[in-house]
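The values are calculated or read from the model by the stated rules, or taken from the named source; none is laboratory data. Every value quoted in this text rests on a predicted model; they were computed, and no experiment measured them. Heads up, the Cβs are rebuilt from the backbone with ideal geometry, glycines too, and the neighbour counts pull from every protein chain shown. Surface accessibility is based on the protein's heavy atoms, side chains included, excluding ligands, DNA and RNA. Shrake-Rupley method; radii C 1.70, N 1.55, O 1.52, S 1.80 Å.
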Amino acid sequence: MHTFSLLLVILLMLYKTSLGIELPDDIKKCHFGDSQCLIHTMNELIRRYPNGIPGIGLAPLNVTQLDDISIVNRPYGASVWLSFYLQNLTNQGFNNATITQVKGFNKDPSSSSMIIRAYIPRLIHKGTYNMQSRILLFRANATGSFRSEFLNFRLEILLKAIQEYRNNKRYLRIYELKPKVDLQRWIISLDSLYTENTDMTIVMNNVINENWLEFWQELEPSMLKTFELCLTLILKRVFDNVAYDDLFLPDEY
């Protein structure tokens with residue numbers, strides 16, 4: 001009797017697995033390509049689940065762990081060179097995002113690009129940095145905590161994906177994700193730039209923040225890479241777990 005009951009449980013689990021993972025019941029599904037509905041649903045998902053949804057693979061939106069990344073890596077050995085490396089990096093603030101526009105997400109997702117636009121009042125990167133530099137005869141080697149704060153952050157995600165079939169269901173695989181950003185202000189804090197001179201560290205931070213736009217224009221390609229990695233990680237896990245058709249309402253005939 002116990003063996004029969006165990007067999008039933010196993011069969012039930014296998015049956016549910018074959019059906020695929022579904023969105024939570026309190027999240028409204030939309031029809032393919034219904035942009036206004038998708039905007040509402042995405043915003044509801046962000047508001048209700050800032051800590052993510054482990055069951056569908058959605059990572060926490062309030063704090064997202066990122067891979068280590070090299071922001072600047074100028075050639076070693078020249079009269080002027082600079083290496084700036086970020087470690088233990090986290091992204092905070094996607095839970096405060098408001099989706100403002102959605103395009104694509106049609107029945108055939110590979111037929112066109114998908115676009116998501118969002119507004120985030122404040123986005124923060126935290127971690128530790130390692131910097132090595134030389135300017136003519138002057139060398140510097142510093143390690144400390146790093147904080148980067150983006151204010152009134154506007155994000156556009158251009159997403160391209162192909163379909164993969166598993167268990168007779170369609171899943172999306174991202175093959176291109178390009179973020180574009182626009183921001184009102186960038187505030188940077190680097191501790192311990194000059195361990196022997198705290199005043200000089202303060203002065204250098206002030207110089208960077210007074211000229212933040214020039215620094216942003218120089219570092220934007222590398223900073224965009226951090227957003228690309230973060231957003232790809234968030235979306236990939238969901239697309240890996242939830243079949244594309246299960247994200248939407250069935251077509252009406």
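Here's the yes/no breakdown for (1) under 21 Å from ILE115 (Cβ atoms); (2) surrounded by 14 or more Cβ atoms within 10 Å (Cβ to Cβ); (3) under 17 Å from the mean Cα position of the chain (by Cα); (4) in contact (Cβ under 8 Å) with a residue 60 or more places away in the chain:
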| residue | (1), (2), (3), (4) |
| --- | --- |
| LYS29 | yes, yes, no, yes |
| LEU45 | yes, yes, yes, no |
| TYR49 | no, yes, yes, no |
| ALA59 | no, yes, yes, yes |
| GLN65 | no, no, yes, no |
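Note on region 70-98: among residues that are open to solvent by less than 20 Å² (accessible area, probe 1.4 Å) and of a type in the set (A, V, I, L, M), the one that is modelled with the lowest pLDDT is VAL72. The set of residues from region 142-167 being hydroxyl-bearing (Ser, Thr, Tyr) and open to solvent by less than 40 Å² (accessible area, probe 1.4 Å) comprises just one member, SER148.
The criterion of at least 3 residues that are within 30 Å of LYS28 (Cα to Cα) and under 24 Å from the mean Cα position of the chain (by Cα) is met, among strands (runs of 3 or more DSSP E) falling completely within region 135-253, by 138-166, 169-182.
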